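Enquirer: Before anything else, here's the structure in question.
Values in this text are rule-based calculations from the coordinates and carry no lab data. Quick caveat, the model's predicted, so the values are computed rather than measured. Counting neighbours? That spans all protein chains shown, and the Cβs are built from the backbone with ideal geometry, glycine included.
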Amino acid sequence: MQLATLDWILIGSFFAIFLIIGILVAKRSGKNTQEFFLSGRNMPWWLLGISMVATTFSADTPNLVTDIVRQNGVSGNWVWWTFLITGMLTVFVYAKLWRRSKVLTDLQFYEMRYSGKAAAFLRGFRALYLGVFFNVMIMASVCLAAIKIGGILFNLEPWECVLYASLITVAYSSFGGLRGVIFTDFLQFIVAMVGSVWAAYYIINMPEIGGLDKLLTHENVADKLNFLPDFNDTNSLLVLLIIPIAVQWWSVWYPGAEPGGGGYIAQRMLSAKDEKNAIGATLLFNVAHYALRPWPWILIALASLVLYPNLADIGNEFPNAVLGHDLGYPAMLTNLPSGLLGLVVASLIAAFMSTISTHLNWGSSYISLDFYKRFVKPTASEKELVGVGRISTVVLMALSALLALALSSALSTFAILLQIGAGTGLIFILRWFWWRVNAYSEITGMLVSFVMALFFEFTEFGLEDYEKLVLGVAITTIAWIVVTLVTRPTSTKTLASFYNAVTPYGNGWKPFKKIASQQNIPLQQTNDVFTIDLASMLLGIVFVYTSLFATGYLIYGNMTGAAILIAIAAVSAFTIFSLWKKRKTSKI
């Protein structure tokens, strides 16, 4: 397939704009680490929220959703829709706590919350484990999408795809720091949304598809439309809905949906102007991420079942591509006309760049601040630390590109990442509210979950992925709880300092409060009301899910169902804002 001159002009223009933004903010971003990694802690909620959405709107996400829909139907998306529970917990419970901590990176939290050599080891090890190993895995999966899209749309070799896609991204990420990333994210999100919606509209109305009504009644599509799995199919119900809701959302660490917040989500919250902006940013992110974006991808995935009902059909038309159901998305894009094709390709490039740039800045912050400054050269100047961050950006991109060449499927990579983090999520939730959680708890959870992931990956027991996940969660959780109870708690001085900084609520701190009282250690009193925050979280979940499925009903032509869900969403939103006002005036 050949792109016309107009297509290349559109693509080239976006590349130029992104690079210019990085150059324009380079001087300010290079002043110090707070500017380079947190954009001066002065970002508004709407810009941060859109930046979070743009980051999760990666080039591999449409491919992943297409893979899911083609194999398991619309209801298969519950494997990631359930992470909304985690997201709303972050909005109404953890966003304010992260902002109060005032750390530069979420790994600095470890030596704020825990004490001794174990805390220092945990911070240093996680800097490399998350900043390099895990981060490279994530970026490699995004690069894999670039390889598949580039292979189909441009007939490029895999190495050419990752090379061309990386050059501009590395340039503006290393120049502009987080400020450059956030500014470009804003433009990238607009371009990506316009491109995906327009592409879905055009593809649905292609003669081969015949419009929305014919698509939804097509024999290859009709049984894929349900929002919930078939309750008569026990295996599908268990895998697609029960396990994600009962286990996955709280137990698994996954980038962008970390229980308790963390990673680049924490980085955005820490860069907010204040606590209020941190909460607003995460709320906007979750609403847009789950309720706004998925339907254009779902519709294109359904349309791909008409043109390419079987995997072999895709392979026959694109014999040189890395075969997988996720190819359904880029395969459908080959039908777009000149101009629209350029815009959609630019939107996919934008999606790729927004995700990669965030992960590069986030990972380099770990390497520069949590490893280099903390353990290699504590006396390093701000200029030197920014330089280390910029060098790390290049190295991380190179490692990710190399690993991407060895991967084959977006869905399989997703499953591997879930398994590696299985069982650690509960630690990240409870460490704010249970005083006994210590550094050894996290070290144990991290090591056991990783060993279990390797064990399941390289041994043959005939277990399904969900069985491996549940077993990994159970073993890891038991291990870290036992270690927590048999090891010494964090020092009283460290716990008191942490408590006074973030003022967490919960009965889990009562034993510590007694200890502090006996030692005459003054503790701040929290103004947060847990019942109000919990109610807001639950209503937020209802609001997003009803908005998501109301949109689906509108697309399906079920106006009665859509009207009912819209009414529920409106009541939920009104109640949330009412509780928000009450929360600001409540005291404990």
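Enquirer: Mind pulling the angle between the C-alpha long axis of helix 465-486 and the longest principal axis of the chain? Nearest 10 degrees, somewhere in 0 to 90.
Expert: The angle comes out at about 10 degrees.
Enquirer: Search the structure for amide H atoms under 5 Å from the amide H of ARG431, placed 1.01 Å from N in the peptide plane, and list their residues when 5 or more places away or on another chain.
Expert: Residues meeting the criterion, in which the H sits 1.01 Å from N, do not exist here.
Enquirer: Further, regarding this structure: Would you mind checking which residues have amide H under 5 Å from ALA422's amide H? H placed 1.01 Å from N; only 5 or more apart, or other chain.
Expert: TRP253
Enquirer: Same structure, new question: For the chain, the longest stretch holding no chymotrypsin sites (Phe, Trp or Tyr not before Pro) located in a DSSP loop with at most 11 other Cβ atoms within 10 Å is which?
Expert: 1-230
Enquirer: Mind pulling the angle between the C-alpha long axis of helix 45-56 and the longest principal axis of the chain? Nearest 10 degrees, somewhere in 0 to 90.
Expert: In the chain, helix 45-56 runs at an angle near 60 degrees to the longest axis.
Enquirer: So what does log10 I(q)/I(0) come out to for region 95-199 at q = 0.13, 0.21 Å⁻¹, using the Debye formula with one equal point on every Cα and no solvent?
Expert: Listed by q, the Debye log ratios stand at -0.74, -1.23.
Enquirer: Same structure again: Treat every Asp and Glu Cβ in the chain as -1 and every Lys and Arg Cβ as +1, leave all other atoms uncharged, and give the resulting dipole magnitude about the Cα centre to the nearest 20 debye.
Expert: Its charge dipole is roughly 3440 debye.
Enquirer: Apply the Karplus parameterisation 6.51 cos²θ - 1.76 cosθ + 1.60, with θ equal to phi minus 60°, to every residue of region 434-443 and state each ³J(HN,Hα) to the nearest whole Hz, in sequence, with x for glycine and proline.
Expert: 3J(HN,Hα) across region 434-443, in whole Hz: 10, 5, 6, 4, 9, 4, 5, 4, 6, 4.
Enquirer: Taking θ as phi - 60°, what are the ³J(HN,Hα) couplings along region 215-224 by the Karplus curve (6.51, -1.76, 1.60), each to the nearest whole Hz, with x for Gly and Pro?
Expert: For region 215-224, the Karplus curve yields 4, 5, 9, 5, 4, 7, 10, 3, 8, 9 Hz.
Enquirer: Still on this structure, I have one more. Using alpha carbons only, how many angstrom separate the centre of region 424-445 from the centre of region 338-400?
Expert: 28
Enquirer: For the chain, what is the mean residue ellipticity at 222 nm derived from helices alone (per DSSP H run of n ≥ 4: -39500 (n - 2.57); sum divided by total residues; nearest 500 deg cm²/dmol)?
Expert: -21500 deg cm²/dmol
Enquirer: Just how far, in whole angstrom, is region 224-303 from region 527-581 if you go by their alpha carbon centroids?
Expert: Centre-to-centre distance over Cα atoms comes out at 15 Å.
Enquirer: Nearest 10 degrees is fine. How inclined is helix 294-307 to the longest principal axis of the chain, computing both from alpha carbons?
Expert: 30
Enquirer: Then there is this: Cα gyration tensor of region 373-498, axes a ≥ b ≥ c as square roots of the eigenvalues: rounded (a/c below 1.5), prolate (a/b > b/c) or oblate?
Expert: oblate
Enquirer: Something else: What number results when the radius of gyration of region 156-240, computed over Cα atoms, is divided by 2.2 N^0.38 Å?
Expert: Against the empirical 2.2 N^0.38 Å value, I get 1.72 for region 156-240.
Enquirer: On a 21 Å Cα-Cα criterion, which of the cross-link pairs LYS276/LYS581; LYS102/LYS510; LYS102/LYS276; LYS117/LYS373; LYS276/LYS582; LYS493/LYS514 come out too long?
Expert: Too far apart for the 21 Å limit: LYS102/LYS510.
Enquirer: For region 498-588, just list the percent of Cα-Cα distances falling in each 5 Å bin from zero outward, please.
Expert: 3, 13, 16, 14, 11, 10, 9, 7, 6, 5, 3, 2, 1, 0
Enquirer: Can you give the net charge of the other residues whose Cβ lies under 11 Å from the Cβ of VAL53, counting K and R as +1 and D and E as -1?
Expert: Residues close to VAL53 contribute a combined charge of +1.
Enquirer: Length gain on complete extension for the stretch ASN232 to ASP213, per 0.36 nm per residue less the alpha carbon to alpha carbon distance?
Expert: Result: 4.1 nm gained on full extension.
Enquirer: How large is the Kirkwood hydrodynamic radius of region 322-363, in angstrom, based on all distinct alpha carbon pairs?
Expert: 11.8
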